[in-house]
Amino acid sequence: MMKIMKTCLLSGIMAMLVGCSPKKVMPAGELVSVELTKSGTMAGYIYEGHVDRQENGEVVLKAMRENYGPLVTKTVDAEALKRIRDIIERNRMYAYKEDYRPSVQVYDGYSWHFYAEFDDGSCISSCGYNAGPKDDGLGEIRAYITELIGDTMPDVVEEEEAEE
């Protein structure tokens, strides 16, 4: 009886220390949508980038080339979503915490949000407020999106909307 009690007590302590949540794994489906944003406390969107597979199969990118820039809309090759999926998997972004915050409350600074959706219905969602994961998966995705934009000029309509 004493051995059972010790085992149960040890199991309970381990569950509290390690946690009981299931291990996060990379979704099996194909990536169909990814969104990455960074905002300043008072400045609004610093950066915004989306890559989405449309119902007709086209893959559309809508993103800022630089901070506070106008949105550029461009149709890209379907390979773009596969490459972003590889970045997510290589950087283990599926294991990101849902929420990152500093240990001390900060009333100014930035926030970010990352969301990825897969064709099997699964998704990855993570955000942070003046804190984030140690790896640079977010930066790698942003750099790739910027590479996809290339020399594409923003639509005049998009520039006017960004100024309003």
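Details
- Selection status of Ser103, at pLDDT 95 or above and polar (S, T, N, Q): no
- Applying the condition of being touching a Gly at 6+ places or on another chain (Cβ under 6 Å) and under 27 Å from Gly44 (Cα atoms) to the stretch 88-114 and asking which residue is least open to solvent (accessible area, probe 1.4 Å) yields Met93.
- Test: residue in the stretch 70-85 that is at pLDDT below 80, open to solvent by less than 60 Å² (accessible area, probe 1.4 Å) and over 25 Å from Ser122 (Cβ atoms): no
- Subset of the stretch 25-58 that is under 13 Å from the mean Cα position of the chain (by Cα) and not hydrophobic (A, V, I, L, M, F, W, C) - its residue that is surrounded by the most Cβ atoms within 10 Å (Cβ to Cβ): Gly49
- Test: residue in the stretch 115-133 that is acidic (Asp, Glu), without any contact (Cβ under 8 Å) to a residue 60 or more places away in the chain and exposed (fewer than 15 other Cβ atoms within 10 Å of the Cβ): no
- Residues that are at pLDDT below 90 and open to solvent by 60 Å² or more (accessible area, probe 1.4 Å), drawn from the stretch 59-69: Arg65, Glu66, Asn67, Tyr68
The values are calculated or read from the model by the stated rules, or taken from the named source; none is laboratory data. What you are looking at is a predicted structure, and each value in this text was computed from that prediction instead of being measured. Glycine also receives a Cβ, built like all others from the backbone with ideal geometry; neighbour counts cover every protein chain displayed. Surface accessibility is based on the protein's heavy atoms, side chains included, excluding ligands, DNA and RNA. Shrake-Rupley method; radii C 1.70, N 1.55, O 1.52, S 1.80 Å.
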